[in-house]
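Accompanying notes for the structure given below.
Just so you know, all these numbers are worked out from the coordinates, no wet-lab data involved. In this text, all values refer to a predicted model and were calculated from it rather than measured experimentally. Note that each Cβ is placed from the backbone with ideal geometry, even for glycine, and that neighbours are counted across all protein chains shown.
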Amino acid sequence: MKKVVIIDGQGGRLGQLIAEGIINSKIECDLYGIGTNTAATAAMIKAGVKNAATGENPIIVACRDADVIIGPIAITSADSLLGEITPNMAVAVGQSKATKLLLPVSHCNNLVVGTKDLNMNEMVDAAVEQLKRL
């Protein structure tokens, strides 16, 4: 069974929506929700994630053997999400052999060029559909 790791920060709304999409689609996987802060983790737990943790080390550990990592594109960039993504977190995501499903959220001085202008629900739907195809 695939290990799917959702990483999110700030208020955790994106991670919550992704978790709900995966759970509601009944995708067979071991689902992990790792927040950069307790609010993000709590939002993913509220969505139904059973395996959840908070902080830098859980992200590093979860990325080691993940099959799929899902989150905003900012998880690959140190100091993004208003400084919540540490350099070690970004390296863990970048060096992971997992397939990365990165959502092009344009915030905090990060503009993703050449992508469709989708709302958050549309991005989540697209990520869940892509996960189904893996």
Could you pull out every residue, at least 5 positions away or on a different chain, whose amide H is within less than 5 Å of the one on I85? Hs are placed 1.01 Å off N in the peptide plane, and Pro or chain starts have none.
-> D79, S80
Quick one: among K100, K50, K26, which has the greatest mean-square fluctuation in a GNM of the chain with alpha-carbon springs under 10 angstrom?
-> K26
Would you compute, from DSSP H runs of 4+ residues alone, the mean residue ellipticity of the chain at 222 nm, taking -39500 (n - 2.57) per run and dividing by the full residue count, rounded to the nearest 500?
-> -12500 deg cm²/dmol
The answer for the net charge of residues other than L134 whose Cβ lies under 9 angstrom from its Cβ, with Lys and Arg +1 and Asp and Glu -1, is +2
Around M120, with a cut-off of 14 angstrom between Cβ atoms, what is the net charge of the other residues, counting Lys and Arg +1 and Asp and Glu -1?
-> -3
What does the charge count near R13 come to, summing +1 for each Lys or Arg and -1 for each Asp or Glu among other residues with Cβ under 11 Å from its Cβ?
-> -1
